[in-house]
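This report concerns only the one structure given below.
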Amino acid sequence: MSTQTTADTGVTAPLFASRAEIRVAAAPDAVYRIVSDLPRSGEWSPECRGGSWVTGEAGAVGSVFRGENERSPEVVAWAPVVRGTWTTHAEVVAAEPGRTFRWAMHDSRGERQQSVWAFDVEPDGDGTRLVHHFRMDAPTEGIRGITAEMDGDRKRAFFAEWGEKVAGDLAETLHRIRAVIEKNG
């Protein structure tokens, strides 16, 4: 992992690297089928309300998902982040049934950014260890816009607070996924 400070953010790279894990009482293939079904993400995500596949075969590498999102005004309230509803596009960059599912966010031109979300599943006794992680190596188009007018101290404060928010969202997502899977068997 790089620890260099980047001039445009004033923080070390990667900008974000968070992970959370949980044990789920279901087989890895069953867990993978749920977490790779991004249109269902509204059942567990704190921000994504679901969406649809816009290109490619659902859940396959290269496919693009359009997410419908919503964020409350209280989230990092002092920073100029997107509030209310908005859409995103993400491309599946890894899809190994029963093992890993990853997607990279697109910018407004439809190009992949260094902003990758992922689920990894692995056998754990009679269940599954589910790991949810997020990594952003370079500022995305959105992050550049949010931090454009901030000085170094404000940028560092934003990245610290946003990092805490992301870490909390990862953990909350996993608890919600486990509840969905274990409730529906």
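The conditions are (1) over 27 Å from T147 (Cα atoms); (2) touching a strand residue (DSSP E or B) at 6+ places or on another chain (Cβ under 9 Å), and W44 fails exactly one of them. Which is it?
The one condition W44 does not meet is (2).
Return the residue satisfying two criteria in turn: it lies in region 112-142 and is part of a strand (DSSP E or B) and among the small types (G, A, S), and of such residues it is farthest from R176 (Cα to Cα).
S115
Restricting attention to region 143-185, and to residues there that are over 12 Å from the mean Cα position of the chain (by Cα) and among the polar types (S, T, N, Q), which single residue is farthest from L15 (Cα to Cα)?
If we take residues in region 143-185 being over 12 Å from the mean Cα position of the chain (by Cα) and among the polar types (S, T, N, Q), then N184 is farthest from L15 (Cα to Cα).
Just to be sure I understand, how many residues within region 33-73 are touching a helix residue (DSSP H, G or I) at 6+ places or on another chain (Cβ under 8 Å), of a type outside the set (A, V, I, L, M, F, W, C) and in a strand (DSSP E or B)?
Number of matching residues: 6.
Of all residues in region 64-83 being touching an Asp or Glu at 6+ places or on another chain (Cβ under 7 Å) and open to solvent by less than 30 Å² (accessible area, probe 1.4 Å), which is modelled with the highest pLDDT?
Result: V64.
Table: residues versus (1) exposed (fewer than 15 other Cβ atoms within 10 Å of the Cβ); (2) touching a Ser or Thr at 6+ places or on another chain (Cβ under 6 Å); (3) more than 23 Å from E172 (Cβ to Cβ).
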site: V24; (1), (2), (3): no, yes, no
site: I34; (1), (2), (3): no, no, no
site: C48; (1), (2), (3): no, yes, no
site: G62; (1), (2), (3): yes, no, yes
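Is it the case that G10 is in a loop (DSSP other than H, G, I, E, B) and modelled with pLDDT under 95?
yes
For R109, all conditions in the list (1) closer than 15 Å to G67 by Cβ; (2) in a loop (DSSP other than H, G, I, E, B) hold save one; what is the number of the exception?
(1)
The values are calculated or read from the model by the stated rules, or taken from the named source; none is laboratory data. Because the structure is predicted, anything quoted here is derived from the model rather than measured. Every residue, glycine among them, receives a Cβ derived from its backbone with ideal geometry; neighbour counts consider all protein chains shown. For the accessible areas, the whole protein counts, side chains as well, though only heavy atoms, and no ligand, DNA or RNA atoms are used. Shrake-Rupley method; radii C 1.70, N 1.55, O 1.52, S 1.80 Å.
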